[in-house]
Amino acid sequence: MEEQRIDDNVTSNNGVIDLSHHLSDEARNRLANPLKDIMRVISECPVTDLITMANGDPHHSLYPFQQIMYGLPSVQDPSDPVTSWNNSGRTQMIHSYRDQECALPIRNAFQYSRAAGLVQCKDAITDFTNLIFAPPNHHVMLTFGNSDGLTKVFRLFGQKGDHFLTDEFSFPGMTNCPLAYGVKWVGVKMDSGGIIPEELEKVLIRWDEAKLGRRPRLLYTVPVGQNPTGSTLSVDRRKKIYAIAQTWDLIIAEDDPYYFLRYDVPQTNCASADPDEFIKNFTSTLIPTFLSMDVDGRVIRLDTFSKVLAPGMRLGWITSNKLFHLKLGEYTDSSTQPPHAFGQMFVTEMLSEHGWKIEGFCRWLRSLRLEYQNRLDLLLDVFQREVEPTGYASVKRPEAGMFVWIEVFFEKHPRFVHERCSGGSPVVARTNTECLLKELFERLMNTQGVVFLPASTFAIPENALWVESDGHVPLSDRTRFLRAAFAGTEDMIEKGMIRLGKGLREFFQE
């Protein structure tokens, strides 16, 4: 049968769809770590004075630290704690102790633990997830950040010969992960609003299993502030894509590191002293996620602290249905083990009554969003002053994220070549856009001292078997963009745009 639709799938007694057929052979064949099962049994034992001589844990009395102290920005300024922190350095101290009361004691945190993470940290993040996303019947598992999480997700579903779907421009740090074990990518056409749902469905309808193997079963996307384009999927597009996933039985891997960095949203009463009122106002400004609309359990969501606290923390979490949660746990228990105790202790204390609490973290997120919006405004102002007058480039304001997608008008270059012979293939370049892009990248770096990433770095290779021949413009001819980050200082942003304007003039007027 050509289509495998959702109503063909087996459902369990409680109506949750059975999605086990999506699991890779590796995931099906992996055995649970027996030592971790014993740890679970021990943790559930009702004996209060249980003496365990089962594990090889060093005793906590031999840990070489008794307390850890963290100096956090104070969130007492309810309107803008980020600016207050930068201006005054006002600090709130929180502690982790070995032998004194705290949210996650050192004596517990540094023991061996099970895949989902330390209970106290997992519970704190679960409470935050439930508050922000309200996922129906999902479970949280901690990761070493989204790179670690996605590596595991891709292995959970992919095997040699499979194809995954993603944005036609996508971050190679993630899309490289499954290539080594024989999974290939299919890029779905985008516009300024992200993946186009109708183009996604076209790929699935046109798919020839006799030539390409089984139809793709996983869509990987960054729906807010997409890397590299900065695009954000509207609620309408999300609903359409989820409906397509139901029709064609897709898993959606929702990677959302920039979710809280969405700009130009309506301002709310940030000065409210009532925590519940502030949180309600804050969450009302957030866009609905695929996870929040997931009634089937087919969305597996990845969140991280990398963009809102610090990337070196290497701490994130996956939210998924129970089956995928268990299978990811089996993988983690026999590979990386749970994330490091330092990060889990910090987050637990930060979200606890001794720290920011969830309300304070939300105040930090709101303030951080305003700070990045100011930096975006600056970049666009300097671009308008220094780059736009050249007539060689333009930029659109992104809704979210850390990047602007600068379009360069290579057709104005004296060495631009139109309509080279394509040999009849709809995916072979007809212009020398990609060559000029590479040359511009090198010129800007070597002569102007400024670096932007070229669009070709992010382009997913095309295949004539899954693109329409009529009217298709090869992706190589659409790599006319530079990705610029606005996460740096005002001085970096100002100088970067000035150097870009100068570099474009010299490149085009040679």
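Here are a few things to note about the model shown:
- The antiparallel fraction among DSSP beta bridges confined to segment 117-256 stands at about 15%.
- Taking Cα centre as origin and charging only the Cβ of basic (Lys, Arg, +1) and acidic (Asp, Glu, -1) residues, the dipole magnitude of segment 44-101 rounds to 260 debye.
- In degrees, nearest ten, helix 357-386 long axis to first principal axis of the chain (Cα): 20 degrees
- Spin-label model distance (nm) - Leu378 vs Met445, 7 Å beyond Cα toward Cβ: 2.5 nm
- Between Phe171, Ile205, Gly149, the Cα set farthest toward the positive side of the dipole of the chain (charges on each charged residue's Cβ, about the Cα centre) is that of Phe171.
- Our summary gives the chain a relative contact order of 18 percent, counting only alpha carbon pairs under 8 angstrom and 6 or more residues apart.
- Mean separation of Cα contacts under 8 Å, 6 or more apart, over the residue count of segment 188-234: relative contact order %: 38 percent
- Shape metrics for segment 159-276, restricted to C-alpha atoms - Rg then Dmax, Å: 16.8, 63
- A simple charge model with +1 on the Cβ of Lys and Arg, -1 on the Cβ of Asp and Glu and nothing else charged puts the dipole of the chain at about 820 debye relative to its Cα centre.
- Ignoring lysines fewer than eight residues from Lys280 along the same chain, the ones with Cα atoms less than 19 angstrom from its Cα are Lys357.
- Counting only protein heavy atoms and a 1.4 Å probe, the chain has 44 square angstrom of accessible area per residue.
- Each peptide among 303-310, 30-37, 191-198, 412-419 gets the average number of other Cβ atoms lying within 10 Å of its residues, and from highest to lowest they stand as 303-310, 191-198, 30-37, 412-419.
- Against the chain, whose longest principal axis is taken from its Cα atoms, helix 197-206 shows a tilt of about 80°.
- With the convex hull of the Cα atoms taken as the outline of segment 36-146, the averaged projected area works out to 10.6 nm².
- Magnitude of the charge dipole for segment 174-311, about its Cα centre and with charges confined to Cβ atoms of Lys, Arg (+1) and Asp, Glu (-1), is about 600 debye.
- Fraction of accessible area attributable to carbon and sulfur, segment 385-446 (%, probe 1.4 Å): 53 percent
- Element breakdown for segment 291-364 at a 1.4 angstrom probe: carbon and sulfur atoms account for 60% of the accessible area.
- Beta bridge orientation in the chain: antiparallel %, DSSP, nearest 5: 65 percent
- Relative contact order [Cα under 8 Å, 6+ residues apart], segment 180-333, whole percent: 18 percent
- In whole angstrom, the chain maps to an equivalent ellipsoid with semi-axes of 41, 32, 20, each derived as √(5λ) from the alpha carbon gyration tensor and ordered largest first.
- Against the chain, whose longest principal axis comes from its Cα atoms, helix 322-333 is set at around 80 degrees.
- Using the rule -39500 (n - 2.57) for each DSSP H run of four or more residues, divided by the residues of the chain, the 222 nm mean residue ellipticity is -10500 deg cm²/dmol.
- Top positive-direction residue, dipole computed over the chain with Cβ charges, set Ser334, Gln111, Ile252: Ser334
- Rotationally averaged projected area of segment 388-510 (alpha carbon convex hull; nm²): 8.6 nm²
- When peptides 143-150, 487-494 are ranked by their average number of other Cβ atoms within 10 Å per residue, the highest-first order is 143-150, 487-494.
- Computed over segment 303-402, the percent of Cα pairs more than 23 Å apart is 51.
- Cα convex hull, segment 116-193: 131 Å³ per residue, rounded to a whole number.
The values are calculated or read from the model by the stated rules, or taken from the named source; none is laboratory data. Bear in mind the structure is a predicted one, so any value in this text is a computation, not a measurement. In this analysis, Cβ positions are derived from the backbone assuming ideal geometry, glycine residues included, and neighbour counts consider all displayed protein chains. Note: areas computed on protein heavy atoms with side chains; ligands, DNA, RNA excluded. Shrake-Rupley method; radii C 1.70, N 1.55, O 1.52, S 1.80 Å.
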